[in-house]
Amino acid sequence: MYMELVCPAGNLPSLEAAVEHGADAVYIGFRDETNARHSAGLNFDAQTMAQGVELARSRGVQVYVALNTYPRPDGWTRWQQAVDHAAELGVQALIVADLAVMDYAARHCPGVRLHLSVQASSTNYESIRFYHEHFGIRRAVLPRILSLQQVERIAAHSPVAVEVFGFGNLCVMVEGRCLLSSYATGRSPNTWGVCSPASAIEWHASAEGLETRLGGLLIDRYPPGRKASYPQMCKGRYEVQGQVYHALEEPVSLNTLDLLPELQEAGVAAVKIEGRQRSPTYVAQATRVWRAALDECERAPLSYRSRREWQSQLAKVAERYQTSLGAYGRPWQ
Amino acid sequence: MAIAPNSGRRDEAGNGVLPLRLSLGPILYLWPREDIYDFYTCVAESAVDVVYLGEVVCAKRRALRLIDWLALAEDLREAGKEVVLATLGLIESEADLRALRRFCTNGRFLVEANDMAAVQLLQGGPFVAGATLNIYNERSLRILAERGLRRWVMPLELSGATLKQLQAGRPAGIETEVFGFGRLPLATSARCFTARRHNATKEQCEGRCQDDPDGLLVRAQDGPELLVINGVQVQSAHTFNALPMLGELIAAGVELLRISPQFHDTFEVVRVFDLCRRGEMEPDAGRHILESLMPVGPCDGYWWGEAGHVDWPANAIG
């Protein structure tokens, strides 16, 4: 089965890079809280989105628009307009999480496919059946917490295609149900489309070293010379029973290149690269490597091995140390 | 099934309807079996109106089986409580689904769905939507109301102002429940953070979370209490307390206020909420008692649309 390569684009140059280096689809968002990568200077306004859609169309690349946050009553019209606008542009799919958004899109934009966002926290096939039966979703993006066996099981029983994350930032929490960011800052992926917003972050040199804070809370402290990570609640070093350690998760990122044959065998329909917030260089590099790997895996799944040069090219753009199997191996689950 | 929600409840003297009902959330921690039974013996005699029973955090915790929960549920119903069976939040494996199917087809008690799989398995039958079903707008309420929703629990991060908007647009016959007291469940993983603390995998966890009946405290390196590790769940170290907002909640037409069990003093918490809803104690006096019972201290930022960890000064005045 052909596995589609779905690449991130936070702006036109990234979209061009993804298209140029072999993406089958790109996913993008509007420049507001209707998507889960809401950040200053990122994403598309009406004009750039139209340009991006046209560019992708001319190269036979699909466009998916992420509308995967949860509108509160007073914000509803923004999400409604975003659905309408994306549909008018003729994009192939909307990536949705909120029941009202998917209901509206299913009723008003029957020509646009609906993909269930990872933010809808669907970790089993019964939940996928619910969204399929009631809203006609055509694909489900699975949370990064699942093991390979669980992905296989879901893919075997799901009424729709499944997409998994292949590379990028690793969420250890069930996506769509994590309030750690709003607990620290008041803003979360669900409400504002942000996790650990830059406006709430402080870098401060103290006697004990470089301190990173989120919403005023100390996330980590680094001795001179050590590389500091972007502060997120789940990846901080804290004290538990007198020991200071990464109490929830090491700041690692996900890389499933080694698992491609298994994912293909399981019938996974698409692999997603995380990182709409990253640079066009990242998008180009990740897309190029993953295109080569997917082609190799499709051509010769039995002899497929992830290549050292792929891994070293990805290591150059990864934000953190990578886990070879990422969430899907789960050494300590 | 005796599951029709009441809009209010007569007090024991039968003279008047209480402005809102008190519910007791599921026990979020792993307590020894005997402690669970002792706890629910006290629940039967307490002022709570609705009791949520079941394991919602970790599939590996099996202190009680469904048959045990059902027997407890019958006892509590006998004692005049409305009982709701709360289901697991993270449904990953075939075993999780099998267990969930048994809960959803129990035939006797209303079910709280904490994952959309439960809503699917209930096939239009009545249910309570737990906070993790992510109902952020009244349109979602209407969609689920057509598919069996009877009551919903507001997502923990929503503010009082958003609650009022949702209340204005909610469909008829749907009850609203708000998390009223307890450490806030902030996130869930497939990984076990308690096992990680002991350098063990989840498979080899040996139920170590039973050693921490209120969870493991996590502090920032500069000292302040931040979070609590509860197996695969992460909670706030501070305790959310909606008692100071009691009047606003009643005015907004909220039917139920949820108290989340903690290992110590839960029934004193219930008593304070009960006295305050009856007008027999001033909320401010109640607040001082409740704050003395909190393991770390209060937080209420979410209600004010602020960061959840904040103890909002506006609330502290008066």
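Descriptive notes on the structure:
- From the list A:168, A:136, A:215, A:186, the lone residue that is in contact (Cβ under 8 Å) with a residue 12 or more places away in the chain, open to solvent by less than 10 Å² (accessible area, probe 1.4 Å) and either on the phi > 0 side of the Ramachandran plot or within 11 Å of another protein chain (Cβ to nearest Cβ) (or both) is A:168.
- The stretch B:142-158, subset facing another protein chain (nearest Cβ under 9 Å) and closer than 18 Å to residue A:70 by Cα, residue most open to solvent (accessible area, probe 1.4 Å): B:142
- Residues in the stretch A:253-288 that are closer than 23 Å to residue A:146 by Cβ and assigned to a helix (DSSP H, G or I): A:257, A:258, A:259, A:260, A:261, A:262, A:263, A:264, A:265, A:266, A:286.
- Checked against the criterion of being farther than 20 Å from residue A:2 by Cα and surrounded by fewer than 19 Cβ atoms within 10 Å (Cβ to Cβ), the stretch A:281-303 has at least one qualifying residue.
- Annotation note: of A:84, A:74, the sole residue that is modelled with pLDDT of 95 or more, touching a His at 6+ places or on another chain (Cβ under 8 Å) and open to solvent by 20 Å² or more (accessible area, probe 1.4 Å) is A:84.
- Looking only at residues of the stretch A:218-238 that are under 16 Å from residue A:171 (Cα atoms) and among the hydroxyl-bearing types (Ser, Thr, Tyr), we find that the one that is most open to solvent (accessible area, probe 1.4 Å) is A:230.
- Residues within the stretch B:100-136 that are in contact with a Lys or Arg (Cβ under 6 Å, 6 or more places away or on another chain) and either within 18 Å of residue B:171 (Cα to Cα) or acidic (Asp, Glu) (or both), tallied: 4
- Which listed residue, of B:198, B:238, is more than 7 Å from chain A (Cβ to nearest Cβ), closer than 17 Å to residue B:309 by Cα and open to solvent by 20 Å² or more (accessible area, probe 1.4 Å): B:238
- Checking each residue in the stretch A:24-60 for being among the aliphatic types (A, V, I, L, M), open to solvent by less than 10 Å² (accessible area, probe 1.4 Å) and over 20 Å from residue A:80 (Cβ atoms) picks out A:25, A:26, A:56.
- Subset of the stretch B:234-270 [in contact with a strand residue (DSSP E or B) (Cβ under 6 Å, 6 or more places away or on another chain), of a type in the set (S, T, N, Q) and in a loop (DSSP other than H, G, I, E, B)]: B:260
- Any helices (runs of 4 or more DSSP H) falling wholly within the stretch B:28-147 and containing at least 2 residues that are under 20 Å from residue B:258 (Cβ atoms) and in contact (Cβ under 8 Å) with a residue 40 or more places away in the chain: B:33-45
- Residue A:66 buried (at least 24 other Cβ atoms within 10 Å of the Cβ) and within 14 Å of chain B (Cβ to nearest Cβ): no
- With respect to the stated conditions, residue B:78 is open to solvent by 10 Å² or more (accessible area, probe 1.4 Å) and not aromatic (Phe, Trp, Tyr).
- If you check B:280, B:268 for being more than 19 Å from the chain's Cα centre (by Cα), open to solvent by 40 Å² or more (accessible area, probe 1.4 Å), among the acidic types (Asp, Glu) and farther than 25 Å from residue B:155 by Cα, only one passes: B:280.
- Yes/no for residue B:273 being in contact with a strand residue (DSSP E or B) (Cβ under 8 Å, 6 or more places away or on another chain), closer than 15 Å to residue B:19 by Cβ and of a type outside the set (Asp, Glu): yes
The values are calculated or read from the model by the stated rules, or taken from the named source; none is laboratory data. If you're wondering where the values come from, they're calculated on a predicted model, not measured in any experiment. We place every Cβ from the backbone using ideal geometry, glycine too, and count neighbours over all the protein chains shown. We work out accessible area using only protein heavy atoms, side chains counted, and drop any ligands, DNA or RNA first. Shrake-Rupley method; radii C 1.70, N 1.55, O 1.52, S 1.80 Å.
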